[in-house]
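Read-outs throughout are calculated quantities, based only on the coordinates presented, and are distinct from any laboratory measurement. On a predicted model such as this, the values are computed, not experimentally measured, just so you know. Cβ placement follows ideal geometry from the backbone for every residue including glycine, while neighbour counts extend to all protein chains displayed.
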Amino acid sequence: MTWTVAIAGASGYAGGELVRLVSAHPELGLGALAAGAKAGHAVAATHPQLVSVGDARFVPTDADVLAQADLLLLALPHGESAALVAALPADLPVVDLGADFRLADAAAWGRYYGGSVHAGQWPYGLPELPGQRARLAEAARVANPGCYATAVALALAPLLAAGLVEPSDVVVVAASGTSGAGRKASEALLASEVMGAMSPYKVGGVHQHTPEMEQALSVAAGEPVSMVFTPTLAPMPRGILATCTARTAPGVDEGALRDALHAAYDAEPFVHVLPAGRLPSTAATLGSNSVHLQVAHDPHSGRTTVIAAEDNLVKGAAGQAIQNANRILGLPEPMGLPVDGVAP
């Protein structure tokens with residue numbers, strides 16, 4: 001059986017990845033491809049890499065048209081999903097790649113996203129987190145995690161769940177490729193501004209993924225987690241490299257940390273704990289739905305470092321959405337998703 005999947009926001013970077021992955025999936029077929037400002041335009045004119053879509057054209061973002069699909073993927077700007085969802089049939093399965101349904105705390109939504117109305121919370125679609133598949137078991141509407149949050153949560157959640165690191169002093173510095181900022185034109189993202197440079201942005205606890213990361217890690221830890229997050233812009237189109245540190249619990253050595261990550265992820269197809277001495281690289285995850293992890297313990301500072309690499313547009317967005325769509329439709333979770341990266 002082939003399930004029809006509609007995509008809203010199909011003209012963006014994540015939307016293009018959704019089209020690519022759905023069109024290559026053995027059990028999914030493309031339905032309506034909605035893109036408000038580009039309705040009527042040829043899909044291949046915006047995404048020339050997608051030669052398989054032939055003469056397909058974007059359509060207006062119309063709830064009645066999108067509702068004809070078996071499942072809907074939303075790749076809209078933050079704050080736009082809730083209004084569209086309100087106009088859809090209640091029984092239509094939806095995976096939202098935006099932030100509208102990620103946060104439990106209405107005050108955090110207002111502070112970080114500026115919306116006056118909090119739409120509520122859907123189950124969080126990061127199935128590799130401790131206990132999360134059980135929480136997702138009956139969910140037909142899922143909040144897809146953010147790209148930074150995916151890397152950071154997978155890096156630290158098993159260690160917090162096992163009590164191997166302290167929850168009160170988490171520090172994360174992460175670099176992202178320019179596609180993480182979306183497709184909208186911006187002077188700060190011009191090649192002449194980005195190439196040959198590394199620069200921080202949204203410093204001081206104001207990045208919108210901060211409450212999402214604290215929320216996911218707090219669920220894993222069973223107590224509140226506080227963190228300092230510094231995002232940086234890297235001169236590359238895609239990829240995330242997150243360096244995540246926390247104070248190591250007394251008596252814990254590197255062997256225990258490594259054992260906890262292996263116990264959490266050895267059975268997971270998309271999360272890979274690298275052999276000791278091999279460090280993650282964004283190049284190795286390019287085009288894949290995989291996350292590469294490495295852990296180190298520094299006895300001098302008493303801190304643990306976990307480094308995570310991922311493709312922000314695949315595991316950090318579209319690939320993870322397909323993973324969630326597979327589960328909702330009763331298909332094997334890894335179906336249609338690449339494990340191996342593309343290099344060089």
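With R₀ set to 35 Å, the beta-carbon distance separating Ala37 from Ala104 gives a calculated FRET efficiency near 0.60. Counting each DSSP H run of 4 or more residues in the chain as -39500 (n - 2.57), what helix-only mean residue ellipticity at 222 nm follows after dividing by all residues, to the nearest 500 deg cm²/dmol? About -7500 deg cm²/dmol. Other residues with beta-carbon under 13 Å from the beta-carbon of Leu92 carry, at +1 per Lys or Arg and -1 per Asp or Glu, a net charge of -3. Average projection, convex hull of the Cα set of the range 148-312: 9.8 square nanometres. The loop-placed trypsin sites (Lys or Arg not before Pro) in the range 200-296, going by DSSP, that have at most 16 neighbouring Cβ atoms within 10 Å of their Cβ come out as Lys202, Arg278. Restricting attention to the range 148-312, close to 70% of DSSP beta bridges with both partner residues there are antiparallel. Listed by chain and number, the lysines whose alpha-carbon sits under 20 Å from that of Lys38, ignoring those within fewer than 8 places in the same chain, are Lys184.
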